[in-house]
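Enquirer: Below are the structure tokens for one structure; questions will follow.
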Amino acid sequence: VTLAANCSEKMTATKHCNGTDIWIVVHEYQTSVFKSFLLSNSGVNLSPVNSAIGSVHSHFAGCMKASPNGRKLGVVIYGLGSELFDFDITSGIVTNSLVLISSPYGGYACEFSSDGTKFYTHTAGDLYQFDLCATTNLGILASQYLVFSNPSGAGSMQLSTDGKIYFTESNIASNSLGVINSPNSYSAACNYSAGGLSIAPETTFSSLPNFVTSYFRKPPPTFSYVQNCMTLSFTPQCLN
């Protein structure tokens, strides 16, 4: 069954708001159209939700990731730049395009931190962090922080169950991965370690596996206190 013709390699998946079904999101090649397919117990709905928004994907290469809570989409278009969008986990509609980086010098990978407050992307080997807790698009752009610069290029990023983000630091064979040890933290506190994980004697090139991003969600901690014999609880969240 052909689900979508003429698509780029970008694909991600996240849970529907019902907590059971899965949205599978792809992007058409040489258009600006996102296609959201709903996967349920009945199978894949062959009539996708189409959203024409953002840049035309004039190159097939690049990564797309949904945030662990499913509310954001990050896209890297190789040779063009990085963009951020809102994603509606109820309807599958993509909205609110924001160009984070515009560059003709490559760029491939992107990833969200486990609590969804930080977004990481790179171009020409430079790895950047953006703070999604900023209250406006201008605030998100102003939060840009250069985490690491590697002129040899870079490959994929992947959030792990340990809350860290692992990064293929080069587009050639390597015996190690870069590690963002505390990706929920802002600026230098994210603690990037170049070559921080040895996989010797095995090697990696520019790619890492792709997963349903909801599986890696780590909600913010819930705080509680007792007042007048009542226990009050709250969970801090971003304003976005």
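Enquirer: Within the set of other residues whose C-beta is less than 12 Å from the C-beta of ILE24, count the net charge using Lys and Arg as +1 and Asp and Glu as -1.
Expert: Charge balance in the 12 Å sphere: +2.
Enquirer: Here is a follow-up. When the chain is fully extended, how far beyond the present Cα-Cα distance does LEU46 get from ALA189, taking 0.36 nm per residue of separation? Intermediate values should be presented prior to the final figure.
Expert: Numbers: separation 143, 0.36 × 143 = 51.48 nm, distance 4.40 nm.
Length gained, LEU46 through ALA189: 47.1 nm.
Enquirer: Give the accessible area for THR136 in Å² (nearest 10); use a 1.4 Å probe, count only protein heavy atoms, and leave out ligands, DNA and RNA.
Expert: THR136 has an accessible surface of roughly 70 Å² with all protein chains in place.
Enquirer: So, one more: Any idea what the relative contact order of the range 15-81 is, in percent, if you count C-alpha pairs under 8 Å spaced at least 6 apart? Please report the intermediate quantities before stating the final value.
Expert: Details: 110 pairs, mean separation 15.8, N = 67.
Result for the range 15-81 is 24 percent.
Enquirer: Lysines within cross-link reach of LYS15: Cα-Cα under 17 Å, excluding same-chain residues under 8 positions apart?
Expert: By straight Cα distance, LYS15 reaches LYS35, LYS65, LYS72, LYS218.
Enquirer: Here's something else I'd like to know. To the nearest 10 square angstrom, how much accessible area does LYS164 have with a 1.4 angstrom probe?
Expert: Number for this one is 70 Å².
Enquirer: At a probe radius of 1.4 Å, what is the per-residue accessible area of TYR78, in Å² to the nearest 10?
Expert: Its accessible surface works out to 100 Å², give or take rounding.
Enquirer: Follow-up. Tell me, what is the percent relative contact order of the range 1-142, built from C-alpha pairs under 8 Å that lie six or more residues apart? Can you show the working numbers first?
Expert: Working: 364 pairs, mean separation 23.8, N = 142.
Computed over the range 1-142, the figure is 17 percent.
Enquirer: Which value, in debye to the nearest 20, describes the size of the charge dipole of the range 14-88 about its Cα centre when Lys and Arg Cβ atoms bear +1, Asp and Glu Cβ atoms bear -1, and nothing else is charged? Kindly include the intermediate steps, with their values, before the conclusion.
Expert: Numbers: 5 positive and 5 negative charges, 30 e Å.
Magnitude of the dipole: close to 140 debye.
The values are calculated or read from the model by the stated rules, or taken from the named source; none is laboratory data. In this text the structure is predicted, and so the values were computed from the model without any measurement. With ideal geometry, Cβ positions are generated from the backbone for all residues, glycine too; neighbour counts draw on all protein chains shown. When the accessible area is computed, the model is the full protein with side chains, heavy atoms only, and any ligands, DNA or RNA have been set aside. Shrake-Rupley method; radii C 1.70, N 1.55, O 1.52, S 1.80 Å.
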